[in-house]
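Trainee: This structure is in structure tokens; I'll ask about it shortly.
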Amino acid sequence: MTAAAVTLCFLLRTSHGREQVLLGLKKTGFGVGKVVGIGGHVEPGETTAQAICREVDEESGITVLEPDLIPAGTVRFVFPARPEWDMDTTVYLCRIFAGEAGESDEIAPRWYPVSQLPEELMWADAIHWLPAFLAGERADWRIEMNPDNQSVTSSSRTPVED
């Protein structure tokens with residue numbers, strides 16, 4: 001079974017002198033009830049950049065353009081107990097965008113201080129890779145989950161050279 005191709009984008013802004021990231025409470029589908037990044041599956045014929053521009057618009061109402069995407073790296077999520085959940089994720093950051101975040105059928109978006117991520121509401125793996133990406137690190141990560149599909153067995157990182 002091959003891993004699903006997905007993509008995530010972390011929109012960043014400065015508000016009142018503090019850097020913030022847009023995350024969203026997942027309302028439907030995979031990860032329901034967790035705070036997640038904005039993104040989703042890459043459709044046939046789409047590049048990851050095209051997919052994330054579409055997903056950000058669909059999920060938050062915000063417009064991002066491909067030239068404004070900042071490649072951050074990848075995360076390979078491995079679920080040995082549920083291989084159908086395996087994902088190859090391309091991660092982008094973006095600081096230039098248009099519009100205000102609005103709730104969709106899938107996501108209730110909210111800005112969080114980068115220094116105060118809602119870790120207790122997120123997948124357990126996020127703390128391994130998300131702070132590094134938000135700090136500007138470029139890397140390829142491999143996250144393997146325990147049989148409970150919630151906690152992390154292992155996390156490894158390979159830096160990406162510019």
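The values are calculated or read from the model by the stated rules, or taken from the named source; none is laboratory data. Since the structure is predicted, the reported quantities are computational estimates derived from the model, not experimental observations. All Cβ positions, even for glycine, are placed from backbone atoms using ideal geometry, and neighbour counts span all protein chains on display. All accessible areas refer to the heavy atoms of the entire protein, side chains included, with ligands and DNA or RNA removed. Shrake-Rupley method; radii C 1.70, N 1.55, O 1.52, S 1.80 Å.
Trainee: Tell me the label only: which of [x] 19.5, 72; [y] 14.9, 44; [z] 14.8, 47 is Rg and Dmax of the Cα atoms in Å as calculated from this structure?
Mentor: [z]
Trainee: May I ask for the longest run of the chain untouched by GluC sites (Glu not before Pro) that are loop-located per DSSP and have at most 11 neighbouring C-beta atoms (other than their own) within 10 Å?
Mentor: On the way: sites that count: Glu100, Glu161.
Result, exposed sites excluded: 1-99.
Trainee: Something else now. Under a crude label model (7 Å from the Cα following the beta-carbon direction), how far is Glu19 from Leu65 in nanometres?
Mentor: In this crude label model, Glu19 to Leu65 measures out at 2.4 nm.
Trainee: Let me ask something else about it. Count the DSSP beta bridges whose two residues both fall in the range 22-162, then state the antiparallel fraction as a percent rounded to the nearest 5.
Mentor: Restricted to the range 22-162, the bridges split so that about 80 percent are antiparallel.
Trainee: If you don't mind, there's one more thing I want to ask. Using a 1.4 Å probe and ignoring any ligands, DNA or RNA, find the accessible area of Thr14 and quote it in Å² to the nearest 10.
Mentor: 100 Å²
Trainee: Also, quick follow-up: Amide H of Glu106: which non-local residues (sequence gap of 5 or more, or other chain) have their own amide H closer than 5 Å, using H built in the peptide plane?
Mentor: Excluding prolines and chain starts, which carry no amide H, there are no hits.
Trainee: What nm value, rounded to one decimal, do you get for the distance between Leu121 and Glu137 when each label is placed 7 Å out toward the C-beta?
Mentor: Inter-label distance under the simple model: 2.5 nm.
Trainee: Grab the beta carbon distance between Glu43 and Glu84, set R0 = 25 Å, and tell me the FRET efficiency rounded to 0.05.
Mentor: Plugging the Cβ-Cβ distance into 1/(1 + (r/R0)^6) gives 0.85.
Trainee: OK, next. Please compute one quarter of the surface area of the Cα convex hull for the range 1-72 and express it in square nanometres.
Mentor: With every direction weighted equally, the projected area is 6.2 nm².
Trainee: On to the next question. Just by accessible area at a 1.4 angstrom probe, what is the order of Asp125, Asp88, Asp68 from largest to smallest? Intermediate values should be presented prior to the final figure.
Mentor: On the way: Asp125 10, Asp88 60, Asp68 40 Å².
Ranked list, largest accessible area first: Asp88, Asp68, Asp125.
Trainee: Could you list the residues of the range 20-53 with an amide nitrogen less than 20 Å from a label point located 7 Å from the Cα of Asp148 in the Cα-to-C-beta direction?
Mentor: Of the residues in the range 20-53, 31-36 have backbone N under 20 Å from the label point off Asp148.
Trainee: If you roll a 1.4 Å probe over the heavy atoms of the protein chains, what accessible area per residue do you get for the range 56-162, in Å²?
Mentor: 53 Å²
Trainee: Follow-up question, since we're still on this one. From the phi angles alone, apply the Karplus equation (6.51, -1.76, 1.60; θ = phi - 60°) to the range 90-96 and give each ³J(HN,Hα) in whole Hz, x where the residue is Gly or Pro.
Mentor: For the range 90-96, the Karplus curve yields 9, 10, 10, 10, 8, 10, 10 Hz.
Trainee: So what does the Cα-only Debye profile of the range 54-101 read at q = 0.24, 0.31, 0.32 Å⁻¹, as log10 I(q)/I(0), no solvent term?
Mentor: -0.87, -1.09, -1.12
Trainee: Ignoring ligands, DNA and RNA, what percent of the accessible area of the range 18-106 is carbon or sulfur (1.4 Å)? It would help to have the intermediate numbers written out before the result.
Mentor: Working: 2290 of 4200 Å².
C and S fraction of accessible area: 55 percent.
Trainee: Going by accessible area, probe 1.4 Å, with all protein chains left in place, what is the ranking of His41, His16, His128, largest first?
Mentor: The ranking, largest first, comes out as His16, His41, His128.
Trainee: Have a look at Phe30, Gln20, His41 and report the one farthest towards the positive end of the charge dipole of the range 13-67, computed about the Cα centre with Cβ charges (Lys/Arg +1, Asp/Glu -1).
Mentor: Result: Gln20, furthest along the dipole toward the positive end.
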